[in-house]
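Each remark here refers to the structure printed beneath this line.
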Amino acid sequence: MKLTKSTLALAVTLALLGACSPAEKASTASTEAATPAATAMVQNENEKISAFFEKAFMDQVELSPTSLTYLGIKKDYDKWEPMTDEQAAKTLELTKQQLEQLKSFNVEALDEQSKLSYQLFKQQAEQQIADDKWRLYNYPVNQMYGTHSMVASLLINQHQIADESDAKAYIARLNGVQTLFQQLMTQLDKRAELGIIPPKFVFPHVIGASQNLIKGAPFTEGADSTLLEDFRGKVNKLTIDDAAKQMLIKEAEVALVSSVKPAYEQLISYLTTLETKAGTEDGVWRFKDGAEFYNNALARTTTTTMTADQIHDLGLSEVARIHQEMQAIMQKVGFKGDLQAFFSFMRDDAQFYYPDTAEGKAAYLTEATRVIDEMKGKLDSLFLVKPKADMIVKAVEPFREQSAGKAFYEQPSMDGKRPGVYYANLFRMKGMPKYELEALAFHEGIPGHHMQIAIAQELENVPKFRKFGGYTAYVEGWGLYTEMLPKEIGMYQDPYSDFGRLAMELWRACRLVVDTGIHAKKWTREEAITYLATNTPNAKSEVDNAIERYIVMPSQATAYKIGMIKIVELREKAKTALGDKFDIRAFHDVVLKNGAVPLDVLETLVDQYIASNKAA
């Protein structure tokens, strides 16, 4: 999809005609009473800034071919985003230019929704510029989302093939992997010079995943490799003659052998050498200015001013509270023993797990789909607006399941034609107990991430940078909140399933403790593993993977509980203030119909909703 002048005009028109959110009703009323000249000025300034936001978003996205593909836009469909200093400088310079352009608008002449967009765009741009000093403070290859796995993930899950040109673009991307990986290794060198090297445990994961991608035909004997199987399957569905299909498949095989294979072999060799320089100290405190970096990361992730110590103490308090609620369930089911014994029972008893077989995995996916479908039928009691885009449940692909997270959500394409996906990692069925199935499906699917993200993408009264942006505390706070929400309408009838809900909330509370423990209090990987294993019922393999995740994604894990606590706090504030006037559907509308926002902005929106309802 390419934006033309007509579609840009349409986007601006939709933004202006979109229904007002509760946050802007007061402003709308005053505008209606204003003079025609004042109204015209507001409309004109809104039109101008809407056009600016549209162009600014597309200018940023068009610097990134992979972002275009994620959005379902087939521009630069044959390219990878360059991993170069020049590309980073170009992106930063564009942000600076856009910030200066933004300052030319008359803020007072904007309506409330445009003022909010102005505020958010300005804040994001300023933070992006300020955070450029930390540009190298990350791990471009890691077990969660590294470049080595992004290549296959994007091609398989995002690169659709509807005609021969799409197939040719796929082949061009295969041929571009070698250049991309050369750039990747250059960036890893730059980080190594600063002492920013992934911890030693990361390397076997990354090397193993890379090796998996060059197994099978045409690299070795046997069945098709992951990428060839994907390409062949997509091409064979095209309505072209067989000779053309075979020619395309042959071209892909050549690209796999001549570009993809040497690229991965060179990367594996490079990583094997880099691994000898890696250490076992895991927290970012070990970096130069590591404490400052981590404090900044916490501020960005939580959108609060909470310190590492405050977050750590909050985690300890929440762990103690949830343990008490679990003991009540333990007594309800008649278990004899202490909480640790109950944890062992839940962890080890076979009744709580599907078999680690193809049939067991299929059964898990079927049940997760059923739970989501059941929840779909209950949405009208909780929401005024539902997403148009569909959502499906899939298992994480074999090439990345060994190191990927437990579960995650992938958003729909911008046009809604590619559905949202809830990925369940079924590599170890012992890590996916039946009693957590409901809560996990609610979080990743409906009413969790799919509701929040798909609705945001479909909003007609906000610019694209807000539709497709994200604040982790808001996004993950909503996901965790929606694990609790179904209980209030009668879900979790099985007490073990309710225990699973608490187990997942407990997991997020523990994250506050271990993330700050690792990165601020200098905990070792082993200390963090021991804390998480002792305080939760989760399988040891899951605990190990989780701690390794928190190590390579500093601060990210703190978002869930802090975001949830704020949403629950704001809901209680609205219920107390409005009494009988409180409508949970309207409250959820306020939370969802402005897209992702910082938590302090969310509080302002809820306060405006309360005030407007009181006045009414």
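The values are calculated or read from the model by the stated rules, or taken from the named source; none is laboratory data. Remember, it's a predicted structure, so these values are computed and weren't measured experimentally. Here the Cβ positions follow ideal geometry from the backbone for every residue, glycine too, while neighbour counts run over all protein chains shown.
Could you say whether any residue in region 105-126 is outside any helix (DSSP H, G or I), assigned by TED's automatic domain parsing to the domain that holds GLN43 and loosely packed, with under 15 Cβ neighbours inside 10 Å?
Taking every residue of region 105-126 in turn, at least one turns out to be outside any helix (DSSP H, G or I), assigned by TED's automatic domain parsing to the domain that holds GLN43 and loosely packed, with under 15 Cβ neighbours inside 10 Å.
Restricting region 53-87 to residues that are aromatic (Phe, Trp, Tyr) and closer than 15 Å to MET414 by Cα leaves a set whose member that is surrounded by the fewest Cβ atoms within 10 Å (Cβ to Cβ) is TYR70. Scanning region 533-577 for residues that are closer than 21 Å to PHE427 by Cα, outside any helix (DSSP H, G or I) and out of contact with any Leu (no Cβ under 7 Å at 6 or more places or on another chain) yields PRO537, ASN538, ALA539. Quick check, is MET451 surrounded by fewer than 20 Cβ atoms within 10 Å (Cβ to Cβ) and outside the structural domain of ARG585 (by TED's automatic domain parsing)? For MET451, the condition - surrounded by fewer than 20 Cβ atoms within 10 Å (Cβ to Cβ) and outside the structural domain of ARG585 (by TED's automatic domain parsing) - is not met.
GLY222 fulfils the conditions (1) surrounded by fewer than 16 Cβ atoms within 10 Å (Cβ to Cβ); (2) under 31 Å from the mean Cα position of the chain (by Cα); (3) of a type outside the set (D, E, K, R) except for a single criterion, (2).
Mind checking which residues of region 550-605 are at pLDDT below 95, over 20 Å from THR304 (Cα atoms) and buried (at least 20 other Cβ atoms within 10 Å of the Cβ)? The one that is at pLDDT below 95, over 20 Å from THR304 (Cα atoms) and buried (at least 20 other Cβ atoms within 10 Å of the Cβ): LYS593. Among the residues of region 326-338, those identified as surrounded by 15 or more Cβ atoms within 10 Å (Cβ to Cβ) and in a helix (DSSP H, G or I) are MET326, ILE329, MET330. Evaluating MET432 against the criteria (1) crowded, with 23+ Cβ neighbours inside 10 Å; (2) hydrophobic (A, V, I, L, M, F, W, C); (3) out of contact with any Leu (no Cβ under 7 Å at 6 or more places or on another chain) leaves one unmet condition, (3). Within region 284-322, the residues that satisfy the criterion of being surrounded by 14 or more Cβ atoms within 10 Å (Cβ to Cβ) and of a type in the set (Gly, Ala, Ser) are GLY290, ALA291, ALA297, ALA299, ALA308, GLY315.
If you filter region 225-238 down to residues that are out of contact with any helix residue (DSSP H, G or I) (no Cβ under 8 Å at 6 or more places or on another chain) and not in a loop (DSSP other than H, G, I, E, B), you find that the one that is surrounded by the most Cβ atoms within 10 Å (Cβ to Cβ) is GLU229.
Against the list (1) surrounded by fewer than 24 Cβ atoms within 10 Å (Cβ to Cβ); (2) closer than 21 Å to ASN142 by Cβ; (3) touching a residue at least 40 places away in the same chain (Cβ under 8 Å), the condition ILE529 fails is (3).
Please verify whether ALA328 is without any contact (Cβ under 8 Å) to a residue 24 or more places away in the chain, under 28 Å from SER541 (Cβ atoms) and not assigned by TED's automatic domain parsing to the domain that holds ALA167, treating the condition exactly as stated. Judged against the criteria, ALA328 is not a match. Taking region 295-315 as the range and being without any contact (Cβ under 8 Å) to a residue 40 or more places away in the chain and of a type in the set (Gly, Ala, Ser) as the test, only ALA299 passes. Being farther than 30 Å from ASN46 by Cα, modelled with pLDDT under 95 and assigned to a loop (DSSP other than H, G, I, E, B): is that true of SER403 here? Spelling it out, SER403 is indeed farther than 30 Å from ASN46 by Cα, modelled with pLDDT under 95 and assigned to a loop (DSSP other than H, G, I, E, B). In region 120-135, is there at least one residue being among the aliphatic types (A, V, I, L, M) and under 30 Å from VAL202 (Cβ atoms)? Within region 120-135, one or more residues are among the aliphatic types (A, V, I, L, M) and under 30 Å from VAL202 (Cβ atoms).
I need the full set of residues from region 407-424 which are in contact with a strand residue (DSSP E or B) (Cβ under 8 Å, 6 or more places away or on another chain) and either of a type outside the set (A, V, I, L, M) or within 14 Å of HIS450 (Cα to Cα) (or both), in order please. ALA407, PHE408, TYR409, GLU410, GLN411, PRO412, PRO419, GLY420, VAL421, TYR422, TYR423 - these are the residues of region 407-424 that are in contact with a strand residue (DSSP E or B) (Cβ under 8 Å, 6 or more places away or on another chain) and either of a type outside the set (A, V, I, L, M) or within 14 Å of HIS450 (Cα to Cα) (or both).
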